[in-house]
Structures are given as structure tokens and as C-alpha cells.
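The values are calculated or read from the model by the stated rules, or taken from the named source; none is laboratory data. None of the values given here were measured: they were computed from a predicted structure. Reconstructed Cβ throughout: ideal geometry from the backbone, glycine too, with neighbour counts over all protein chains shown.
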Amino acid sequence: MFQSTMVDLMLKTFTIIALFSALVIADHRSNSEVFGKYKSPSSLGLKREKLSHLHFYFHDIVSGKNATVIHVAGASSTHRSSSFFGDIYVIDDPLTIKPDINSKMVGKAQGMYAYSSHTEISLLMVLNFAFTEGKYNGSTLSVLARNEAFSTMREMPIVGGTGVFRFARGYALARTRSMSQVEAIVEYNVFVFHYR
């Protein structure tokens, strides 16, 4: 009888240990192998959301010793196209506080644009506004947009950002202030939601 009770106790103890071990392993796997889970914004140090308005001038310098635009690719048919369809350019354009190129620089527009229409001057813009001044220093805003270059006012989405602009979303309004053989100056008003 004593031996039978001892065996039962050992079996029960073994079963409990085995079940507990299986639960611990399953819990560890479920925590370490989860693809995604909810996180509160505060757990990432994000406080409240705010709306910011940024105003600056974009200088697209296409020729001369200080050119900020370089042609990197084009289709063989591009030269016959009135819309430059297929041409691709990379940019590193200064952003200034006033239309004058010699005014205070607040950042750069870095990225590329491609002429993306057979019938009109329309650009696919993929760029970052990389800021270098004040509280926005080191932060970026990302634009992925269609830009109808000869429209009076263009609206382009802000699809993200870094630094101060983490989780950014909003839009940019662009208006060409002047255009020559050497440079295009574009005024930007950017409205962006982001966390403090």
C-alpha cells in the first residue's frame, strides 16, 4: 500500500512538473515568436500629437558649378518626348528660410524625381526634407508624391519622418516662385501631425 501511494505521488509530481514545464516553454515561445503586438504610444516615449507648420524655399539648381541636381538615367525615347518621360534625377537641394539662396539654410531636400507621364510634365517625387536647424535639427520628413510641375499649387503627401517627426503624416503645398535655365525656386508650406 505504501509503495502504491508512493508511485501515485511520484506520477502526480512528474505530471505536474511536465505540465508546468510545457506551459513555461509555450509561454516563452509565444512571447519570443510574436510577429506583432499592441504598444501604447507612451511606451515609446511619445506624448501628445501636435500639428506643425513649416515654411521654407527649395532651390533646385540644375546647372553651373553649384548644381544640386544630377541626371542619372533616361530611356532611349526620352529625347523624343515632350514630357521628358523616363528621365530620372537625383537631388541634394538646399532649403532656405527666404527665396534668396544666400538666406539662412534650414536643411536639404535629398532624393530623386522621375518624369512619369507621357503627356504632361509630371514628376514622381521620392525625397526627404532633412532639417539642420533649431529643434528640427537631425529630423526628416519623407515625401512620396506626384508633382504636376507646372500647376500653380501642388499638394503632396508627407508619409513619414524621423527624429522629432516620428510617426509623421500630413501634406506639403508647393508653389513655384521662379524658374530659369539655372534654378527653380519652390515655396513649400508643410503641415504635419507628429508627437511631442
Study note, to complete from the structure: Across segment 69-109, the tally of residues that are surrounded by 15 or more Cβ atoms within 10 Å (Cβ to Cβ), more than 15 Å from Val126 (Cβ to Cβ) and at pLDDT below 95 stands at 7
Study note, to complete from the structure: Filtering segment 150-196 for residues that are of a type in the set (Lys, Arg) and either assigned to a loop (DSSP other than H, G, I, E, B) or not assigned by TED's automatic domain parsing to the domain that holds Ile61 (or both) leaves a count of 2
Review point. Counting only residues that are in a strand (DSSP E or B) and among the charged types (D, E, K, R), which one in segment 77-119 is farthest from Lys65 (Cα to Cα)?
Key: Lys108
Point to revise | Odd one out for Ala26, checked against (1) surrounded by fewer than 10 Cβ atoms within 10 Å (Cβ to Cβ); (2) small (Gly, Ala, Ser); (3) at pLDDT below 70 | key: (1)
